[in-house]
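Undergrad: Mind having a look at this structure? Questions to follow.
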Amino acid sequence: MKVKYAIVGCGRIAWNHLDGIEKSNSSVLCAVCDIDEAKARETGEKYGVNWYTDEAEMLEKEKIDVCCILTPSGLHAECGIIAAEHGVHVLCEKPMDVTREKMKALIDSCKKNGVKLGCIFQRRTFSAAIAMKKAVEDGVFGKVTLCDAYLKYYRDQAYYDSGDWRGTWELDGGGALMNQGIHGVDLIDWMTGGIKSVFARCERLNWKTDVEDTAVIMVRYKNGAMGVIECATTVYPGLDTVFTIGGTEGFAEIGNKGIYKWEMKDKSIEKPETTGTMGGLNCTYTDNLHAYQIEDMSRAILDNRDPMVTGEQALHSVGLILAIYESARTGKEVFIED
C-alpha cells in the first residue's frame, strides 16, 4: 500500500518534495495545487497528475492521504487547517508558520480532526548530525563548553524581488533567520539537547527588505555550554554551513559534506562513519534529505505512530527564532519557552 500525496504550492521548494515522493517507497503523488494556474498546470503535466488552483476543491475531488504544505510561510497554518478539516494528514515545510498563535491553531486542528502533523527539518536526517547528537548524549565531549553554528548564505536582491511575500514580516516571518537559518538553529538545538537563552542583534545591512539579512546571537545551552550563532544572506558567494561542539574531552566540526574535524583526548574514540551530504552552498541539494522525511511520514501513517518531527517540535524551533527577534528588539536576554 502506498500513501497518496498532494502538494499545495508549486514554487521553489516543491521540487524537493516532488523528488522526495518519487524516491519514497511508501508514497505516490496524486495531485498538485497552486493559485498560479500556469505553475499548477506545468507541475501537474510534468508529473502526470491532476492539477488545481483551489486547495479545497482538490481535497474534495481527490483521494488524498497527505498534503505537503509549500505555500509562503505565513500561509502554512491556514492551508494546513484546510487539509486537516478534510481529514487529510499534513506535512508542513519549515517554518510551520510565523506566529505562535497560528502554529497552535494548526496543531489543535490536526488533533481535533484526528490527523497527523509532520514538519520538515530534513537536516536532522543527515548522518553526521545524528552522529554528533549521539556523541553529546554519550558524553564523548566530556563537559560541553562551546557550541557554535555558522550559517552564512547569499541571496541577491533579485531573490527577494521574485515574490511579494519574500523579505516581509507578514508572510516570510523574518529574514535570514526565519527562512534560511532556521535549519541551522533547529539543528544546533537538537544536537546539543536544547537552547536555554539567547541574546541577539539582528539587522538589515544590505538588501531592500523589511527584515534582517544579518544576525549574530550569543547562546546559552541547557547543558551549561555557551556559543554563537551567525546567520546571514549577505555573504558572497554563500559558505558551507558549519557546526562545532567542544568540551573538556574533545572537539568536533561538521558541515554540508560530513564530519570535518574529530579530535578526542581518548584516541580510541574513532570518528564515526557517515554518508551523504547535508546539502550544498546556498541550500542547493545533492542528496534530497526530504525523501527520508516523506518516507517517515508515510510510515508514520501506515504504522500509526508520530512522524519524525511533530508539530510541537516544529513550534519549539520556530519559537527559537521568535525569541531571537524578541531579544534583538528589546536588547535583553530572552529565555526559551519549553
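Undergrad: Which of the residues that make up the range 248-261 are surrounded by fewer than 21 Cβ atoms within 10 Å (Cβ to Cβ) and assigned to a strand (DSSP E or B)?
TA: Hits for the range 248-261 are Gly250, Phe251, Glu253, Gly255, Gly258, Ile259, Tyr260, Lys261.
Undergrad: Mind checking which residues of the range 77-91 are open to solvent by less than 10 Å² (accessible area, probe 1.4 Å) and either within 18 Å of Leu320 (Cα to Cα) or of a type in the set (Gly, Ala, Ser) (or both)?
TA: Ala77, Gly80, Ala83, Ala84
Undergrad: Sticking with this one: Output the number of the condition that Glu270 fails; it satisfies all remaining conditions of (1) closer than 27 Å to Gly194 by Cβ; (2) open to solvent by 40 Å² or more (accessible area, probe 1.4 Å).
TA: For Glu270, the failing item is (1).
Undergrad: (1) open to solvent by 40 Å² or more (accessible area, probe 1.4 Å); (2) at pLDDT 95 or above; (3) in a loop (DSSP other than H, G, I, E, B): which one isn't true of Val228, the others all being true?
TA: (3)
Undergrad: Right, something else. Inside the range 134-183, can you point out the residues that are part of a loop (DSSP other than H, G, I, E, B), among the hydroxyl-bearing types (Ser, Thr, Tyr) and crowded, with 16+ Cβ neighbours inside 10 Å?
TA: Scanning the range 134-183 gives Tyr153, Thr168.
Undergrad: Residue by residue through the range 295-311, note down the ones that are within 13 Å of Ser26 (Cβ to Cβ) and either surrounded by 20 or more Cβ atoms within 10 Å (Cβ to Cβ) or touching a residue at least 60 places away in the same chain (Cβ under 8 Å) (or both).
TA: Glu295, Asp296, Met297, Ser298, Arg299, Ala300, Ile301, Leu302, Pro307
Undergrad: Could you please give the count of residues in the range 14-50 that are β-branched (Val, Ile, Thr), open to solvent by less than 50 Å² (accessible area, probe 1.4 Å) and closer than 26 Å to Asn179 by Cα?
TA: Residues that pass the stated criteria total 3.
Undergrad: For the range 45-120, which helices (runs of 4 or more DSSP H) that fit wholly inside it have 1 or more residues that are touching a strand residue (DSSP E or B) at 6+ places or on another chain (Cβ under 7 Å) and small (Gly, Ala, Ser)?
TA: 76-85
Undergrad: Need pairs with beta-carbon distance below 6 Å; first residue within 18 Å of Lys133 (Cβ to Cβ) and at pLDDT below 95 and within the range 266-277, second open to solvent by 60 Å² or more (accessible area, probe 1.4 Å) and assigned to a loop (DSSP other than H, G, I, E, B); sequence gap 6+ or separate chains.
TA: If the second residue must be open to solvent by 60 Å² or more (accessible area, probe 1.4 Å) and assigned to a loop (DSSP other than H, G, I, E, B), the pairs left are Thr277/Lys257; Thr277/Thr286.
The values are calculated or read from the model by the stated rules, or taken from the named source; none is laboratory data. Please read these numbers as outputs of a predicted model, since none were measured by experiment. Counting neighbours? That spans all protein chains shown, and the Cβs are built from the backbone with ideal geometry, glycine included. When the accessible area is computed, the model is the full protein with side chains, heavy atoms only, and any ligands, DNA or RNA have been set aside. Shrake-Rupley method; radii C 1.70, N 1.55, O 1.52, S 1.80 Å.
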